[in-house]
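Engineer: Quick one: the structure is below, and I'll ask about it shortly.
The values are calculated or read from the model by the stated rules, or taken from the named source; none is laboratory data. Remember, predicted model here, so these are calculated numbers, not experimental data. Positions of Cβ are generated from backbone atoms using ideal geometry, with glycine treated the same way; all protein chains shown enter the neighbour counts. Quick note on the areas: whole protein, heavy atoms, side chains included, nothing else; ligands and nucleic acids left out. Shrake-Rupley method; radii C 1.70, N 1.55, O 1.52, S 1.80 Å.
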Amino acid sequence: MDTVMRLIVVGGVAGGATAAARARRLSENAEIIVFERGEHVSFANCGLPYYVGQEIAERESLLLETPESLHARYRLDVRARTEVLAIERAEHCVRARDLESGREYTERYDRLILSPGAAPIRPPLPGIEHPRIFSLRTVPDSDKIKAMVDGGARRAVVVGGGFIGLEMAENLRRRGLEVALVELLDQVMPPFDKEMVTPVHEELRGHGVALHLADAVAQFEDEQDGLTAVLKSGTRLPADLVVLSIGVRPETTLAAEAGLEIGPHGGIHVGDDMRTSDPDIYAVGDAVEVRDCVVGGTALIPLAGPANRQGRIAADRVFGRESEYHGTQGTSIVRVFGLTLALTGASEKTLTRVGHAHEKVYIHPMQHAGYYPGAERLTIKLLFSPADGKVLGAQIAGQEGVDKRIDVLATAIRAGMTVYDLEELELAYAPPFGSAKDPINMAGFVAANVLKGDVEIIHADALEQVEGELIDVRKPDEHSEGHIPGSRNIPVDDLRDRLDELPADKPLVVYCQIGLRGYVAARILTQRGYTVLNLSGGFNTYRGYFAEATRS
Ligand code: FAD
């Protein structure tokens with residue numbers, strides 16, 4: 001048996017509960033105390049929106065463990081409703097307050113793991129203290145929102161179009177409320193590139209969510225039986241309740257007051273061993289700054305998977321194991337009504353911001369064999385290094401099959417794979433599940449074609465910069481249903497017979513619906529000496545870029 005270690009964990013949910021349970025599995029005789037300010041430990045934060053929407057019917061389903069169950073299984077001394085007020089580093093003590101009795105006391109530690117999470121941001125707007133304005137972080141938060149909905153609330157304003165905002169918008173609509181969503185940027189889901197969220201905007205509007213993009217709440221006004229969110233644009237949105245979901249800030253008060261190093265983004269600074277600037281104190285989860293494992297540097301990336309893995313690593317380290325955290329790539333996914341949107345690695349905007357060289361392709365393959373019933377298109381954006389083809393990031397929108405493709409690409413990024421590796425991946429195929437050329441292989445083929453010079457591509461946002469002839473190689477009926485202004489329609493199958501209609505003195509920009517016929521056209525014409533650019537992702541991707549701007 002090892003010497004008796006006294007481990008204190010602050011925060012008893014994702015990172016904290018994982019660290020404490022792992023610690024026990026590594027040491028049967030350590031003393032392990034978990035302090036949790038709230039009344040619940042180890043609850044399913046990520047399930048809260050679905051509880052409000054009644055997709056998760058039973059409140060108990062959210063409570064994964066209790067202090068009693070954690071004691072029974074792991075002999076953890078879990079103290080719920082107990083807040084750690086201060087870390088007295090010189091004495092190796094924490095000062096805690098029992099929030100029920102008000103009693104304050106100190107507990108000694110040999111090692112301390114901090115997993116205090118993040119707090120929802122509440123901007124200092126006039127009227128922000130109104131009792132009908134809620135954030136969603138804890139089970140009691142969800143109880144309050146659900147009680148309003150159960151009590152007959154009809155109109156909700158959701159402020160912030162990130163993951164939680166979208167999940168709440170959907171679940172409140174599911175409960176029959178009128179929902180308005182206000183987002184400061186001109187797109188929802190800020191971590192994604194804008195053209196990739198166009199289908200999300202359409203999905204939200206299609207399900208009756210009133211989208212107010214590029215606008216912000218200026219103030220809240222009290223009304224009889226409700227309140228009004230007054231936007232900067234002057235729009236007034238009357239509501240029975242408001243859900244604020246404009247982001248979170250890391251809970252660093254304890255750490256900062258104890259003099260632990262805080263990183264440039266305002267999170268607790270830790271090394272790859274999850275150790276803070278004090279060698280006896282570790283920190284994990286939403287409160288810490290992580291290394292961005294794609295573009296380098298540190299970032300705040302508050303996600304459940306990283307928090308859980310970091311908790312495990314911190315416990316390993318406390319008990320002498322050499323585990324290391326190798327950074328976060330931000331793999332995440334959200335369902336918005338019938339649509340799924342997922343991301344892994346760096347976005348184009350991040351790569352551009354940090355000056356990291358990149359190329360991109362868009363493809364729109366079916367999620368499984370086109371001839372098998374229920375085939376639906378995916379939109380995949382793949383970002384990769386032009387020098388060596390290394391995969392840097394991916395974003396996918398679609399109905400089914402988004403989750404498995406993003407996870408394959410997340411694994412590829414973690415493994416340092418290139419687009420040439422994607423071409424070679426052998427993925428499970430039968431008609432109901434995929435295609436003999438899986439969308440992941442297709443993304444690899446298309447990207448590799450670009451890198452090998454088999455086809456030159458152009459992106460929708462660069463079309464204006466090319467003085468060329470725009471040729472729509474789709475069928476005439478597709479062309480008449482909608483096309484890029486100024487384009488001439490010559491279907492790909494007619495191209496070889498209508499070469500005399502093409503100018504030989506300027507580049508040809510060819511496009512089709514998704515990029516595939518455009519590629520075939522490009523190959524036909526390139527081999528005849530023309531300079532040809534294929535529009536990556538075709539008209540579908542073009543719409544992603546410009547549908548919002550041309551919306552009437
Ligand atoms: P938490 O799990 O928040 O735990 C921190 C705990 O520390 C809190 O319970 C807090 O009360 C306690 N605490 C803080 N200070 C003290 C103190 N001084 N003394 C005692 N206790 C203290 N992530 C995903 O990856 N996918 C999702 O789908 C997803 N959905 C989400 C939906 C919602 C509504 C929310 C709120 C979050 C969601 N997340 C999701 C994020 C994910 O839940 C967090 O990244 C994760 O819980 C972070 O773990 P943590 O241990 O750092 O913090």
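Engineer: Relative contact order for the range 11-102: what percent, with Cα pairs under 8 Å and sequence separation of 6 or more?
Structural biologist: Rounded, it is 29 percent for the range 11-102.
Engineer: Something else now. How many percent of the accessible area of the chain is carbon or sulfur, using a 1.4 Å probe?
Structural biologist: The nonpolar share, carbon plus sulfur, comes to 49 percent.
Engineer: Per-residue counts of other Cβ atoms within 10 Å, averaged by peptide: what ranking do you get for 384-393, 147-156, highest first?
Structural biologist: 384-393, 147-156
Engineer: Classify the chain: rounded, prolate or oblate, from the alpha-carbon gyration tensor (a ≥ b ≥ c, eigenvalue square roots; a/c under 1.5 rounded; otherwise prolate if a/b is larger than b/c)?
Structural biologist: Taking the square roots of the gyration eigenvalues as a ≥ b ≥ c, the chain is prolate.
Engineer: So, one more: Rolling a 1.4 Å sphere over the protein heavy atoms, what is the accessible area per residue of the range 172-268, to the nearest Å²?
Structural biologist: Computed with neighbouring chains in place, this is 42 Å² per residue.
Engineer: Moving on to the next point. Please work out the average accessible area per residue across the range 403-453, using the 1.4 Å probe convention, and give it in Å².
Structural biologist: Dividing the accessible area of the range 403-453 by its residue count gives 47 Å².
Engineer: I need the calculated FRET efficiency for the pair Asp403 and Arg496, taking r as the beta carbon distance and R₀ as 45 Å, to the nearest 0.05.
Structural biologist: Efficiency, rounded to the nearest 0.05: 0.60.
Engineer: Given labels modelled 7 Å from the Cα in the Cβ direction, how far is it in nm from Glu324 to Leu184?
Structural biologist: Output for this residue pair reads 3.6 nm.
Engineer: Another question about this same structure. Quick check: Cα centre of the range 413-444 to Cα centre of the range 345-392, how many Å?
Structural biologist: Comparing the Cα centres of the range 413-444 and the range 345-392, I get a distance of 12 Å.
Engineer: Accessible surface of Ile246 in the full protein assembly, 1.4 angstrom probe, to the nearest 10 Å²?
Structural biologist: 70 Å²
Engineer: Select from Leu425, Ala443, Val492 the residue farthest towards the positive end of the dipole of the range 403-502; place +1 on Cβ of Lys and Arg, -1 on Cβ of Asp and Glu, and compute about the Cα centre.
Structural biologist: Of the candidates, Leu425 comes out farthest on the positive side.
Engineer: Could you rank the peptides 183-196, 367-380 by their average count of other C-beta atoms within 10 Å per residue, with the highest value first?
Structural biologist: 183-196, 367-380
Engineer: Would you please classify the overall shape of the range 186-267 from the alpha carbon gyration tensor, given that a ≥ b ≥ c denote the square roots of the eigenvalues, rounded means a/c under 1.5, and beyond that prolate means a/b larger than b/c while oblate covers the rest?
Structural biologist: Here the range 186-267 falls in the oblate category.
Engineer: Compute the accessible area per residue over the range 79-135, keeping the other protein chains in place, probe 1.4 Å, unit Å².
Structural biologist: 50 Å²
Engineer: On each of the three principal axes of the Cα atoms of the range 132-236, give max minus min coordinate, whole Å, ordered largest first.
Structural biologist: Per principal axis, max minus min of the Cα coordinates gives 38, 29, 25 Å.
Engineer: Treat every Asp and Glu Cβ in the chain as -1 and every Lys and Arg Cβ as +1, leave all other atoms uncharged, and give the resulting dipole magnitude about the Cα centre to the nearest 20 debye.
Structural biologist: Roughly 340 debye for the chain.
Engineer: From the square roots a ≥ b ≥ c of the eigenvalues of the alpha-carbon gyration tensor of the range 20-152, which class results: rounded (a/c under 1.5), prolate (a/b over b/c), or oblate?
Structural biologist: Because a/c hits 1.5 or more and a/b fails to exceed b/c, the range 20-152 counts as oblate.
Engineer: Here is a follow-up. Calculate for the chain the 222 nm mean residue ellipticity that helices alone would give, adding -39,500 (n - 2.57) per DSSP H run of length 4 or more and normalising by residue count, nearest 500 deg cm²/dmol.
Structural biologist: Value at 222 nm, helices only: -7500 deg cm²/dmol.
Engineer: Separate question: Can you give me the relative contact order of the chain as a percent, contacts being Cα pairs under 8 Å and 6 or more apart?
Structural biologist: Dividing the mean separation by the residue count of the chain yields 11 percent.
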